[in-house]
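The structure appears below as structure tokens.
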Amino acid sequence: MRERTALLVTATRYTLVEHSRNRFAAVLIALFLPLWTLLAYVSMPDQPVRLRLRATGELLTPRGNELTAVSGALNAVTLITAFLMFAATFGGSMFDRRLAMAGFPRTHLIAAKLAGLTLASALVAAYATAVICLAWTPRQPLLLAGALFSAGLTYGILGVGFGALLRKEVEGMFAIVMTSVIDLALQNPIISSRADSAITHFLPSYGAMQAATAAAFSRTAVPGHLLVELTWFAAAALVGLLTFQWRTRSTLPSNRRAPRGNGPRPAEPRPLPES
């Protein structure tokens with residue numbers, strides 16, 4: 001039991017050190033997240049927008065700049081967490097494979113990645129919520145932080161899947177950016193006229209978007225939509241972790257014993273000549 005705990009602690013420490021060395025991700029968190037969120041708030045018109053929130057059935061009239069700031073914060077959180085986990089998985093894939101082939105338990109490697117993802121998503125979500133509170137006060141700040149956190153979990157595990165599956169960094173970055181942009185753009189009523197379409201229910205951040213909108217502009221709590229987002233996380237985790245296990249498998253041929261009765265028999269040793 002102590003050995004398993006020590007292995008898990010070692011794998012988790014390695015994962016956190018790997019994240020801390022990602023300076024570009026630190027710059028994105030410190031600069032890109034507040035810049036993108038506050039620019040969306042300042043540049044968009046503050047005229048009220050009528051929308052019916054499917055999560056509660058309420059007819060809301062939030063200001064356009066506030067609604068866009070919520071969408072921008074979600075976009076920033078999903079991009080950052082996905083990039084962070086993609087970089088860690090892609091850059092450390094060979095090391096993970098060597099550890100697995102040397103006998104290091106894959107479950108410990110996976111648990112360490114999930115621990116790193118949970119911590120990173122919590123920190124980024126808390127920071128994004130604080131940035132939004134600088135612009136205006138949402139109705140339910142804790143629910144907003146939970147929505148951002150769940151979206152970060154979902155896209156972080158997608159980053160793990162992309163990092164284990166794709167062969168080049170540019171492929172992973174393109175997949176992350178396009179997934180997040182299409183996902184959130186289709187749900188923003190200012191950009192898309194069909195933001196309430198039934199097809200949006202199947203998008204990765206649908207539950208988080210509904211919960212974040214309700215948290216920002218309504219007094220009604222919608223914990224059920226956080227569960228919807230966590231369901232997306234669980235499904236993505238299953239696919240991503242199976243991909244991770246497949247990429248860390250051993251490709252060495254297994255040693256098999258030759259069937260009995262087949263093949264030549266070894267030659268009998270000849271007696272040495274007498275001196």
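Couple of notes before you dig in:
- Solvent-accessible area, 1.4 Å probe, carbon plus sulfur percent, for the chain: 63
- The trypsin sites (Lys or Arg not before Pro) of the stretch 1-83 meeting both criteria, a DSSP state outside H, G, I, E and B (loop) and at most 10 other C-beta atoms within 10 angstrom of the site's C-beta, are Arg50.
- Shape of the stretch 1-114, Cα gyration tensor, a/c cut at 1.5: prolate
- Counted over all Cα-Cα pairs of the stretch 87-136, pairs farther apart than 15 Å make up 60 percent.
- Compactness of the stretch 17-70 - radius of gyration and Dmax, Cα, Å: 16.2, 46
- Virtual spin-label span in nm between Ala185 and Thr10, 7 Å along Cα→Cβ: 4.7
- Angle in degrees between helix 223-247 and the longest Cα principal axis of the chain, rounded to the nearest 10: 30
- Restricting the calculation to Cα atoms, the chain shows an Rg/Rh of 1.21 when the hydrodynamic-style radius is the Kirkwood one.
- Potential lengthening of the chain between Phe32 and Leu134 amounts to 35.2 nm, from the contour at 0.36 nm per residue minus the alpha-carbon distance.
- Restricting the stretch 92-172 to chymotrypsin sites (Phe, Trp or Tyr not before Pro) that sit in a DSSP loop and have at most 14 other Cβ atoms within 10 Å of their own Cβ leaves Trp136.
- Inter-centroid distance (Cα atoms) of the stretch 152-195 relative to the stretch 56-100, Å: 8
- Seen from Thr107, the other residues with C-beta closer than 14 Å to its C-beta sum to a net charge of +1, counting Lys and Arg as +1 and Asp and Glu as -1.
- Here the chain is assigned +1 on the Cβ of each Lys and Arg and -1 on the Cβ of each Asp and Glu. Its dipole about the Cα centre then comes out at about 920 debye.
- Evaluated over the Cα positions of the stretch 139-231, the convex hull gives a direction-averaged projected area, one quarter of its surface, of 6.3 nm².
- Between the residues Leu84, Met101, Gly116, the greatest Cα displacement towards the positive end of the dipole of the stretch 45-119, with unit charges on the Cβ of Lys, Arg, Asp and Glu, is found for Met101.
- Think of it as helices only: each DSSP H run of n ≥ 4 in the chain is worth -39500 (n - 2.57), and spread over all residues that comes to -22500 deg cm²/dmol at 222 nm.
The values are calculated or read from the model by the stated rules, or taken from the named source; none is laboratory data. Quick caveat, the model's predicted, so the values are computed rather than measured. A quick note on method: Cβ atoms are made from the backbone with ideal geometry, for glycine too, and the neighbour counts reach across all protein chains shown. Just so you know, the surface numbers come from the protein's heavy atoms only, side chains and all, with ligands and any DNA or RNA stripped out. Shrake-Rupley method; radii C 1.70, N 1.55, O 1.52, S 1.80 Å.
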